[in-house]
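Novice: Take this structure, written in structure tokens, and hold onto it; I'll ask about it next.
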Amino acid sequence: GIQVEQSPPDLILQEGANSTLRCNFSDSVNNLQWFHQNPWGQLINLFYIPSGTKQNGRLSATTVATERYSLLYISSSQTTDSGVYFCAGFNNDYKLSFGAGTTVTVRA
Amino acid sequence: ETGVTQSPTHLIKTRGQQVTLRCSSQSGHNTVSWYQQALGQGPQFIFQYYREEENGRGNFPPRFSGLQFPNYSSELNVNALELDDSALYLCASSSAGGVNYGYTFGSGTRLTVV
């Protein structure tokens, strides 16, 4: 499977701040997803975004497939945005490979 | 539309025992995959089932095995449990192998081996 590198590993934000999370892939991907893991362990699908840009409320994501990276933007962060964010992808083997995650803490 | 459901939510087993975890896929999904997530790490791919056949496997020993049933639900079986098997086990389902729409995950089963 592909190797996935996420940065930064940890992020502390003041409520209302904006932030950018990055994901680099070792090879091209034809499936790329961003997830938010809640405190109970469930992975909540944020975006399916193998290429291009998508927005959902205060969250948006951009994938530049030719350069093998994806960005997740959080705007006007809220305390409920806290948690671990994962990106994951696969190319031709259908084995979804995850990064180590970015732990986001939003302080009131 | 129901999502992915897993059972049980928590489980405590003794080293050497066997365990079976269950997963019901989301309606309309024919592919199920299983992941192991150790504390503080990202999920690791165990294997995937498509139309009742295993069609991909990660770096896990043969004591990790699985099944997919005609209704696309699935089981993960682990024999001869070891302390390092303690983890969150996640099930994910998709249609068409995750292409076009991606994977939907369940809430997981937290397994503790003592």
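Please treat every number below as a calculation from the coordinates, not as lab data. Since the model is a prediction, treat every value here as computed from it, not as a measurement. As a convention, Cβ positions derive from the backbone with ideal geometry for all residues, glycine included, and neighbour counts pool all protein chains shown.
Novice: For Cα pairs less than 8 Å apart in space and 6+ apart in sequence, what is the mean separation divided by the residue count of chain B, i.e. the relative contact order in percent? Working shown, then result.
Specialist: Values: 296 pairs, mean separation 41.9, N = 114.
Over chain B, the number comes to 37 percent.
Novice: Next question. Using the charge dipole of the range B:7-114 (Lys, Arg: +1 at Cβ; Asp, Glu: -1 at Cβ; taken about the Cα centre), state which of B:Pro62, B:Ile46, B:Val19 has its Cα farthest towards the positive end.
Specialist: Value: B:Val19.
Novice: Now a separate question. Taking H as built 1.01 Å from N, whose amide H comes closer than 5 Å to the amide H of A:Phe47, not counting residues under 5 places away?
Specialist: Excluding prolines and chain starts, which carry no amide H, the hits are A:Trp34.
Novice: Is the range A:31-94 rounded, prolate or oblate when judged by the Cα gyration tensor, a ≥ b ≥ c being the square roots of its eigenvalues, rounded requiring a/c under 1.5 and prolate requiring a/b larger than b/c?
Specialist: In terms of gyration-tensor shape, oblate.
Novice: Counting only C-alpha contacts under 8 Å and six or more residues apart, can you give the relative contact order of chain A as a whole percent?
Specialist: Values: 287 pairs, mean separation 41.8, N = 108.
Relative contact order for chain A comes out at 39 percent.
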